[in-house]
Structure formats: structure tokens, C-alpha cells
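See below for the structure under consideration.
The values are calculated or read from the model by the stated rules, or taken from the named source; none is laboratory data. Quick caveat: nothing in here was measured; it's all calculated off a predicted structure. Because the Cβ atoms are built from the backbone with ideal geometry, glycine has one as well, and the counts that use them run over all protein chains shown. In case anyone asks, the SASA skips ligands and DNA or RNA and just uses the protein heavy atoms, side chains included. Shrake-Rupley method; radii C 1.70, N 1.55, O 1.52, S 1.80 Å.
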Amino acid sequence: KERKMFNRFIRNEEGSALILFALGLTVFLGLSAVVMDGGLLYITKAQLRNGVDAAVLAGAQDLPYQPEKAKDLAVLYAAGNKINDNELVIEIYNNNKAIKASAERNVAFFFAKFLGHESSTVKVQAIAEVAPVAGVNGAVPLGIEDFDFAFGGTYTLKVGAGEEDEGWFGALALGGPGSRTYEENLTHGYLGTIRVGDILEVETGNMSNPTKRAIDLRIERCNHTPYCTAVNFSPACPRLLKVPIIEEVGHRKVKVLGFAMFLVDEVEGQGNENYITGRFIQTVTDGEIDFSGRDYGLYGVKLTQ
């Protein structure tokens, strides 16, 4: 009798152990699915997110002027971040001022499949938009009054003094007056930030020699092959000048309306006959942007999603 009771007890214990083992295995698989498979989903999403962000930021550099090139560049950057063509969709919209990259990838589970979940699809998207710049670093101390210029046409940016002995002839006193400060800013770009709406002091005199030395140095440093032109240029070319577009608001004061990019062709003359010629171009640069700002062909990029 005692033996029968012992055998029944053993069978009950074995059954309980099997139940506990099954419950423990379920919990183990559930936790493993959360930790391992959940971690795999997180890593995959992070990889795709980095890839689409890089894609739209790269592609936006050619918006709004070259949308097809922008799309090709976005695809190239996505591929560099291990996003395949069959996982990627690139869309350019909003009058070629926005680019969206969408990517999705199916992730196969390891532990969760024992709980009836074979896989999951990770989806991400990113949007970058371009808009007129509203604030820049590296502007040159040369202002040009607002007018309806044509991109690619030849214009005179810095004019000589003519018959006058004193006056403002395009030079701005960024960071303080004086020929040394002016020449440094024209050579390397002003280190501070200039924004739309800022009131700037003008620099009197024609600054002939500082202008020629600074622009000659910029031209000399353009060693790109082929030589930079208005339709084919290096974004880092020293001949590119970020120029404030201004209007006069008082004695020796001007107000910043926006910014343009000017590609220098040459600087000629001395004294009263000193001037810079070049072409306004359309491009993208670093800087603050304003979606409602005045459009002078110089844009900044912002990741909006």
C-alpha cells in the first residue's frame, strides 16, 4: 500500500515538473523573443533610419535645381548604408524642394517563431526640405542691392569709387571697420553669423588694394579640374562668395534681405577703377533657413522628418 502511494506521488511530481518545465520554456522563449528578436528589430530600424537620413540629406544638396541628380545621389548614399534598391523608394515633390526616402525590410525571427511569429516588417522614412537661407557664417563683406538678376549672367559686384572721394561702394564693415578687417573677411569669410533683418554698417572708401589682394588669392586657390564654372563647380571652391543682399536704411547702414552665391571670374583695375566680375549661381549651403524667405538662389537643407 505504501509502495502504491509512493508511486502515485512520483507520477504526480513528474506531471507537475512537466507542467512547470513547459511554463518555464514558454516564459524563456517569450523573454528571448523580446530580448533577441526585439533587439534585432531595433538594430534593423536604426540601420534603416541612418540610411534614409543620409540619403535625403545627400540628395537635397542638388535640390531644387537638379532633381534627377538628387534622386540618383540619394540612391547612392542609401546603398552605401546597405539599403538595397528593392527596399527603397525615393520621391521628390513640393516643386522639387523636398525629397523623401522610404525603406522597409522583412526581419526573420529566431525565438519568436516558436510562439507563432515568423517575421516582422520594419518601415522607416525620412524627409529633407530646402528653403532660402536666413542666416549664414562665412559671408563676404560685399553687399549688393536687391535687383532681378539672372543666374549665370555676368555682373559687377564691387565697383570703384568713380569721381567721388568718399562713399560706400559695396563694402560692408563686418566685425568692425578698417581695411585689415575687411581684407581678412573677404579672404576667408566673416566668422560670425549674419541673418536676414540684421542692420549692418558699411565700409567707406573703395578698398581697392585689399579687394584685389583678397580676390586674387581666392582665384589662385581654385585648383579644381575642370576649372569651376557656373554650371559645374566644387561646393568648396574659394571663388564662391556668400553675398548679403541688402537695402539701404539710413546713413551708412543697410538691412539684410537675403543671401546669394556669387562665383568670381576676375578682379581688375586699381583705385577708382577696381571691380569684381562674376556670376550668380544656384546652390545649397550650410545655414539657417526660412521657408517663407526671399529666394535669391541660395538654399539651406533641413531634415523635417
Exercise for the section: Output the number of residues of the stretch 254-295 satisfying the condition of being more than 27 Å from the chain's Cα centre (by Cα), within 26 Å of Ile199 (Cα to Cα) and open to solvent by 70 Å² or more (accessible area, probe 1.4 Å). Expected result: 1
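Yes or no, residue by residue, for (1) of a type outside the set (S, T, N, Q); (2) farther than 18 Å from Phe147 by Cβ:
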| site | (1), (2) |
| --- | --- |
| Asn206 | no, yes |
| Ala214 | yes, yes |
| Arg221 | yes, yes |
| Phe259 | yes, no |
Exercise for the section: Find all pairs meeting these conditions: Cβ atoms under 8 angstrom apart; at least six residues apart or on different chains; first residue within the stretch 85-100 and in contact (Cβ under 8 Å) with a residue 12 or more places away in the chain; second residue in a loop (DSSP other than H, G, I, E, B) and open to solvent by 50 Å² or more (accessible area, probe 1.4 Å). Expected result: Asn96/Tyr65; Ala98/Thr304; Lys100/Gln305
Handout entry: Where Asn274 falls short, out of the listed (1) modelled with pLDDT of 95 or more; (2) touching a Ser or Thr at 6+ places or on another chain (Cβ under 6 Å)
Key = (1)
Exercise for the section: Can you confirm whether the stretch 215-234 contains a residue that is assigned to a loop (DSSP other than H, G, I, E, B), of a type in the set (A, V, I, L, M, F, W, C) and touching a Phe, Trp or Tyr at 6+ places or on another chain (Cβ under 8 Å)? Expected result: yes
Exercise for the section: Restrict the check to the stretch 235-258 and report whether at least one residue is closer than 18 Å to Ala139 by Cα and without any contact (Cβ under 8 Å) to a residue 12 or more places away in the chain. Expected result: yes
Completion exercise
Result of the Cβ filter at 8 Å on the stretch 287-305, keeping first residues that are over 14 Å from Pro244 (Cα atoms) and partners that are open to solvent by less than 60 Å² (accessible area, probe 1.4 Å) and among the basic types (Lys, Arg), at least 6 apart or interchain, is Gln305/Lys100
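Let's see how each residue does on (1) at pLDDT below 95; (2) among the hydroxyl-bearing types (Ser, Thr, Tyr); (3) touching a helix residue (DSSP H, G or I) at 6+ places or on another chain (Cβ under 7 Å); (4) closer than 19 Å to Tyr42 by Cβ:
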{"position": "Asp62", "(1), (2), (3), (4)": "yes, no, yes, no"}
{"position": "Leu73", "(1), (2), (3), (4)": "no, no, yes, no"}
{"position": "Asn95", "(1), (2), (3), (4)": "yes, no, no, no"}
{"position": "Arg105", "(1), (2), (3), (4)": "yes, no, yes, yes"}
{"position": "Ala112", "(1), (2), (3), (4)": "yes, no, yes, yes"}
{"position": "His117", "(1), (2), (3), (4)": "yes, no, no, yes"}
{"position": "Val122", "(1), (2), (3), (4)": "yes, no, yes, yes"}
{"position": "Ala126", "(1), (2), (3), (4)": "no, no, yes, yes"}
Practice task
Looking only at the stretch 237-252, count how many residues are charged (D, E, K, R) and in contact with a Gly (Cβ under 7 Å, 6 or more places away or on another chain).
Solution key: 1
Exercise for the section: Of the conditions (1) out of contact with any Lys or Arg (no Cβ under 6 Å at 6 or more places or on another chain); (2) of a type in the set (A, V, I, L, M); (3) open to solvent by 10 Å² or more (accessible area, probe 1.4 Å); (4) part of a strand (DSSP E or B), Val249 clears all except one; give me its number. Expected result: (1)
Practice task
Would you check if there is a residue in the stretch 203-212 being of a type outside the set (Lys, Arg), open to solvent by 50 Å² or more (accessible area, probe 1.4 Å), in a loop (DSSP other than H, G, I, E, B) and at pLDDT below 90?
Solution key: no
Completion exercise
Looking across the stretch 53-102 at residues that are of a type in the set (Lys, Arg) and under 21 Å from Asp286 (Cα atoms), the single one that is surrounded by the most Cβ atoms within 10 Å (Cβ to Cβ) is Lys100
